[in-house]
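The structure appears below as structure tokens.
The values are calculated or read from the model by the stated rules, or taken from the named source; none is laboratory data. Since this is a predicted model, take the numbers as computed values, not measurements. Cβ: placed from backbone, ideal geometry, glycine included. Neighbour counts: every protein chain shown. Ligands, DNA and RNA are excluded from the accessible area calculation, which covers all protein heavy atoms including side chains. Shrake-Rupley method; radii C 1.70, N 1.55, O 1.52, S 1.80 Å.
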Amino acid sequence: MAFGRRRQAEEPEKGPEATEEPAETAEEAPAEAEPAEGGPWDSEDSFPELQRLDFGSLQVPVAPGLGFQVNFEATQVDEEGNPLDGRPVAVLVQYEESAMQLQVFAAPKRSGIWDDVRRETAKDIQEEAQGQTQEGEGPFGPELLAMVPAALTEEVLAEMPEEVREQIPAEFVEQGWAPQIIRFLGVDGPRWFLQAVVQGAAIENEEQWQVLEDVLRGVVVVRGDAPMPPRDLLELQIPKEFSEAGQDEEEAVETFDPFERGPEITEVR
């Protein structure tokens, strides 16, 4: 099975190990990928000064052409299931026809979790989304490519821009779904795990991917000192720039939903 190419890192990966402490069990701990040259950074690192949006536990670089949104998870719903309240669970970075969803989680002090998360994600995609997966090596270490069937109902097609709809092969429209490629990247840091989910043109378009890769390299994670169970989401907040720009939170919130199940699909469990 092949989904298309993803180039491997052209240069050796550099940067500090996510942890230097021994594994907690007698079994040999899975090898952790070193961060790519540059970041993502821990807030205790000496990192380059860049203009960044402060999302609380995530500080995300700003660059020309980038758009930012916040994904919310409902915490209260009404009798009809409509959300009444929610919490921010992910940051969505958009560039041209590409998007990258960022989520950050607490992790054990002595080991990374990306190897386990990658296996669990592949299993969920295969069993729940009826998709296919393929592991590979990228600029941040091991990663996962997934192919999932994306629904092409009349409602979905009606909401698409005409120029996008016209590019869909007739055979996909007839069968009611189209293959969708999604790329999962993970970075184990000191007591945190950062996951990036890439969708859109950046899967194949090197120029668009490079923009998103630079964003990911420049992310700073603020873990904080509070003890947290591994895999709990670190707290996110809405940057003050959103309000200053006159954006209503509801306008700034959209769900990046590759499996049509909401942001929880890409959370670490």
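Listing for the model above:
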item: Complete set of residues in region 63-83 that are buried (at least 16 other Cβ atoms within 10 Å of the Cβ) and at pLDDT 90 or above; result: 66, 68, 69, 70, 71
item: Residue ranges of helices (runs of 4 or more DSSP H) in region 132-183 with at least 1 members within 22 Å of residue 208 (Cβ to Cβ); result: 162-165
item: Residue 123 vs. criteria open to solvent by 80 Å² or more (accessible area, probe 1.4 Å) and under 20 Å from residue 184 (Cβ atoms); result: yes
item: All positions within region 51-83 that are within 20 Å of residue 40 (Cα to Cα), polar (S, T, N, Q) and part of a strand (DSSP E or B); result: 59, 69
item: Enumeration of residues in region 125-162 that are in contact with a Phe, Trp or Tyr (Cβ under 9 Å, 6 or more places away or on another chain), of a type in the set (D, E, K, R) and modelled with pLDDT of 95 or more; result: 143
item: Residues (in a loop (DSSP other than H, G, I, E, B) and either touching a Gly at 6+ places or on another chain (Cβ under 6 Å) or modelled with pLDDT of 95 or more (or both)) located in region 105-124; result: 107, 113
item: Residues within region 126-141 that are open to solvent by 30 Å² or more (accessible area, probe 1.4 Å) and either out of contact with any Lys or Arg (no Cβ under 6 Å at 6 or more places or on another chain) or free of Cβ contacts under 8 Å to residues at least 12 places away in the same chain (or both), tallied; result: 8
item: Residue within region 105-114 that is open to solvent by 40 Å² or more (accessible area, probe 1.4 Å) and closer than 23 Å to residue 61 by Cα present; result: no
item: Odd one out for residue 243 among (1) at pLDDT 90 or above; (2) part of a helix (DSSP H, G or I); (3) of a type in the set (Gly, Ala, Ser); result: (1)
item: Only one of 210, 195, 180 that is free of Cβ contacts under 8 Å to residues at least 40 places away in the same chain and either over 20 Å from residue 88 (Cα atoms) or open to solvent by less than 20 Å² (accessible area, probe 1.4 Å) (or both); result: 210
item: Qualifying positions in region 84-103 - assigned to a loop (DSSP other than H, G, I, E, B) and at pLDDT 95 or above; result: none
item: Only listed residue being surrounded by fewer than 19 Cβ atoms within 10 Å (Cβ to Cβ), at pLDDT 85 or above and not β-branched (Val, Ile, Thr), chosen from 225, 188, 257, 248; result: 225
